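First up is the structure itself, then whatever we jot down about it.
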Amino acid sequence: MDTYEEAQTFLYSQLASFQKSGGKAVNPTLDNIKTICLALGNPELQYPCLHIAGTNGKGSSSHYLASVLQEAGYKVGLYTSPHLFSYTERFKINGKELDKSWILNFVNQHYELIKQVSPSFYELSVAIAFECFAQEKVEIAVIEVGLGGLWDSTNIIQPLVSLITNISFDHKDILGDTLEEIAFQKAGIIKKNTPIVISETQSKTKDVFREVALEKEAPIYFAEDFYQIKAFSKSMDTYLTVYEEGQKIIENLKAPLLGTHQQKNLKGVFKTLSILKETGWEIPLEAIIKGIENFKENVNLQGRWQIIDKAPLTVCDVAHNEGGIIEVNCLIKSTKHEQLHLILGFARDKDLSSILKLFPQDAHFYFCTFDSPRACTLDELRERVSMFSLDAVFVEDVNQAWRLAQKNAKENDLIYIGGSTFVVAEVNLIAKK
């Protein structure tokens, strides 16, 4: 292959992809990733790492950890998924995306191996991350789980600490119909004698984590037992006071992301960093503060209650399951506005009857589709929305819907764009940044 574009086309078109196929692309074994990594010389074992799972919050937590470690002076690899606009977003070293030429060279060099193993798009992406971080000699890597944990391709690493953020309903067809079943899948990342941190203590999942940790002889820490966070607002910003076992350790910490769920995420981040420090990693308090306050600049996280226009106020968020939507609605309610305009699109496998009832029913709804075989078509949306008495229109794509909402909205209204990562990824203004 001569160009990155050809390599990218190969990755997308010839390999099974969850983005295209949904659960059909999920391989409930680790055989493929083990085979590829063995052929590469097991790059995943050549540097220390952290492993992050959870239904919601794992992306934010991964970026927080990478930013803090970067501020502490380490060369940090960060692997996350999915991406919004560019495939290279998944692979970052000290916040800088992997060069496209690296992807091209990897595909060309290992083309026969790829054809022989026939991995999924995701399996190959994980292998690329492992090899990249090894070749670039990172000092530590933060590895985010893609889906579940037990059978996720990232689950062949041997982390210093594992972190599970939150358990909510999502991908029921793959992970299970109950919170306990989902938690068991996430708990699959717990390794023998390896500390496991739980960001958010939930009554239905606590015993699941305890039992798996006991079986693996893994020390388990529920972050809420160690850290408390109090928030206050000043102007348009939120500031945090952080307590460790009752002792104030940080005050006036400017929160880069809004919402009480982010405070839960931060508790898990703080405990993970505390365990690293206890094992000899030098992470000064100043690096923690700077890493949190500057993490958007350090690691370029987008799509989390991201303001993209101010008159009327327009925000987008990649929340796409019940837990995430509940947190988004708390932010909507706490944001001063007159009328609410909701631009929403959903993947076909989402339980719209559960999700739609979470939104304010007196809002103006603009339903759209997106460019993916997994997308709910407009006809499917009309049928599934018909059971609700909503003020709704159906528009072909998110940008058309946004223009219509802008036409209808007044200056003091609020426009929200979300429902799916795919919807946010197709917002033109975001994609140009």
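For the range 57-72, the count of residues that are over 19 Å from Gly268 (Cα atoms) and either in contact with a Pro (Cβ under 9 Å, 6 or more places away or on another chain) or at pLDDT 90 or above (or both) is zero.
If Leu342 satisfies every condition in (1) in contact with a Pro (Cβ under 9 Å, 6 or more places away or on another chain); (2) at pLDDT 90 or above; (3) closer than 23 Å to Ser233 by Cα; (4) aliphatic (A, V, I, L, M) but one, which is the exception? Condition (3) is where Leu342 drops out.
For Ile128, the requirement of being without any contact (Cβ under 8 Å) to a residue 40 or more places away in the chain and among the aliphatic types (A, V, I, L, M) is met. The set of residues in the range 31-64 that are in contact with a Ser or Thr (Cβ under 8 Å, 6 or more places away or on another chain) and aliphatic (A, V, I, L, M) comprises Ile33, Leu50, Ile52, Ala53. Out of all the residues in the range 219-240, is one or more surrounded by 19 or more Cβ atoms within 10 Å (Cβ to Cβ), out of contact with any Pro (no Cβ under 9 Å at 6 or more places or on another chain) and in contact (Cβ under 8 Å) with a residue 40 or more places away in the chain? Checked against the condition, which is being surrounded by 19 or more Cβ atoms within 10 Å (Cβ to Cβ), out of contact with any Pro (no Cβ under 9 Å at 6 or more places or on another chain) and in contact (Cβ under 8 Å) with a residue 40 or more places away in the chain, the range 219-240 yields at least one hit. As a summary of the residue check, Glu200 satisfies the conditions (1) part of a loop (DSSP other than H, G, I, E, B); (2) among the charged types (D, E, K, R); (3) surrounded by fewer than 18 Cβ atoms within 10 Å (Cβ to Cβ) except for the one numbered (3). Taking the range 398-414 as the range and being surrounded by fewer than 17 Cβ atoms within 10 Å (Cβ to Cβ) and either assigned to a loop (DSSP other than H, G, I, E, B) or of a type outside the set (S, T, N, Q) (or both) as the test, the residues that pass are Arg403, Lys407, Lys410, Glu411, Asn412.
Select from the range 73-132 the residues that are surrounded by fewer than 19 Cβ atoms within 10 Å (Cβ to Cβ) and of a type in the set (Asp, Glu) and list them in ascending order. Selection gives Glu89, Glu97, Asp99, Glu112.
Condition test on Glu136, is it under 26 Å from Asn294 (Cα atoms), buried (at least 22 other Cβ atoms within 10 Å of the Cβ) and acidic (Asp, Glu)?
So Glu136 fails the test.
Selection within the range 359-391: residues that are surrounded by fewer than 12 Cβ atoms within 10 Å (Cβ to Cβ) and within 23 Å of the chain's Cα centre (by Cα). The member of this set that is modelled with the lowest pLDDT is Pro373.
When Ser162, Ser203, Ser199 are screened for being among the polar types (S, T, N, Q), farther than 26 Å from Asp351 by Cβ and either modelled with pLDDT under 95 or within 19 Å of the chain's Cα centre (by Cα) (or both), only Ser162 passes. Return yes or no: is Leu358 outside the structural domain of His261 (by TED's automatic domain parsing) and in contact with a Gly (Cβ under 9 Å, 6 or more places away or on another chain)? So Leu358 does not fit the description; no. Scanning the range 241-259 for residues that are within 21 Å of Ile332 (Cβ to Cβ) and out of contact with any Asp or Glu (no Cβ under 7 Å at 6 or more places or on another chain), we see that the one that is surrounded by the fewest Cβ atoms within 10 Å (Cβ to Cβ) is Ala255. Scanning the range 335-345 for any residue that is touching a Ser or Thr at 6+ places or on another chain (Cβ under 7 Å) and closer than 27 Å to Thr260 by Cβ turns up at least one such residue. Please work out which one of (1) assigned by TED's automatic domain parsing to the domain that holds His83; (2) touching a Leu at 6+ places or on another chain (Cβ under 9 Å); (3) not hydrophobic (A, V, I, L, M, F, W, C) is the condition Glu282 fails and give its number. Single failed check for Glu282: (2). Condition check: in contact (Cβ under 8 Å) with a residue 60 or more places away in the chain and either within 26 Å of the chain's Cα centre (by Cα) or closer than 26 Å to Glu200 by Cα (or both). Does Val398 satisfy that? It is false that Val398 is in contact (Cβ under 8 Å) with a residue 60 or more places away in the chain and either within 26 Å of the chain's Cα centre (by Cα) or closer than 26 Å to Glu200 by Cα (or both). Within the range 265-275, the set of residues being in contact (Cβ under 8 Å) with a residue 60 or more places away in the chain and buried (at least 22 other Cβ atoms within 10 Å of the Cβ) comprises Asn265, Leu266, Lys267, Gly268, Val269, Lys271, Thr272, Leu273.
The values are calculated or read from the model by the stated rules, or taken from the named source; none is laboratory data. Here the structure is a predicted model, which is why all the values come from computation and not from measurement. Reconstructed Cβ throughout: ideal geometry from the backbone, glycine too, with neighbour counts over all protein chains shown.
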